[in-house]
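What follows is a single structure, written as structure tokens, with notes after it.
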Amino acid sequence: MVRWFTLNTNAKIAVKDYFENINKAFESRARLGIMSVLMVDDKIDFSSLKDVLKLTDGNLASHLRALEEANYLQVEKQFVGRKPNTTYHATDRGREAFKSHLDALEQLILNNRKES
């Protein structure tokens, strides 16, 4: 069963149409935060990302792995002196997917905002 909503434009659109471009990979606050940071900074190291997003090592690592498996970010591992340093940056595919996700959210909000 498809539910219909009347929008402020009086157009009828199926709910499924709204969510067609919303990417499930970015549903969590952590992944939304990771990609938001990577859209502003070309790359960031694990410790800095953990501090910015206030996440635990394990939580951050699992979300980073999911985004990496989706080919939305790339990982670079190197040593700085004797310490390992892992940095991340968004791939072109990840940037495009995230922009599409934000555009879909924006349209959902704009089309459902009540006129004052």
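The values are calculated or read from the model by the stated rules, or taken from the named source; none is laboratory data. No experiment lies behind these values; they were computed from the predicted model shown. All Cβ positions, glycine included, derive from the backbone under ideal geometry; neighbour counts span all protein chains shown.
Residues in the range 66-81 that are surrounded by 12 or more Cβ atoms within 10 Å (Cβ to Cβ) and either closer than 17 Å to K43 by Cβ or of a type in the set (F, W, Y) (or both): L67, E68, N71, Y72, L73, Q74, V75. Among residues that are at negative phi, free of Cβ contacts under 8 Å to residues at least 40 places away in the same chain, loosely packed, with under 14 Cβ neighbours inside 10 Å and of a type outside the set (K, R), G58 is included. Entry remark, the range 1-41: residues being assigned to a helix (DSSP H, G or I), surrounded by 13 or more Cβ atoms within 10 Å (Cβ to Cβ) and either among the aromatic types (F, W, Y) or modelled with pLDDT under 95 (or both) number 3 in total. Looking only at residues in the range 82-110 that are of a type in the set (A, V, I, L, M, F, W, C) and loosely packed, with under 12 Cβ neighbours inside 10 Å, the one that is farthest from R29 (Cα to Cα) is L110.
Yes/no matrix, rows are residues, columns are (1) more than 13 Å from M35 (Cα to Cα); (2) part of a helix (DSSP H, G or I); (3) at pLDDT 95 or above:
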residue	(1), (2), (3)
G58	yes, yes, yes
P84	yes, no, no
E96	no, yes, yes
L108	yes, yes, no
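Look at (1) more than 14 Å from G33 (Cα to Cα); (2) at pLDDT 95 or above; (3) touching a Ser or Thr at 6+ places or on another chain (Cβ under 8 Å) and you find that H63 fails only one, number (1). The combined condition, being at pLDDT 95 or above and more than 15 Å from the chain's Cα centre (by Cα), is fulfilled by I44.
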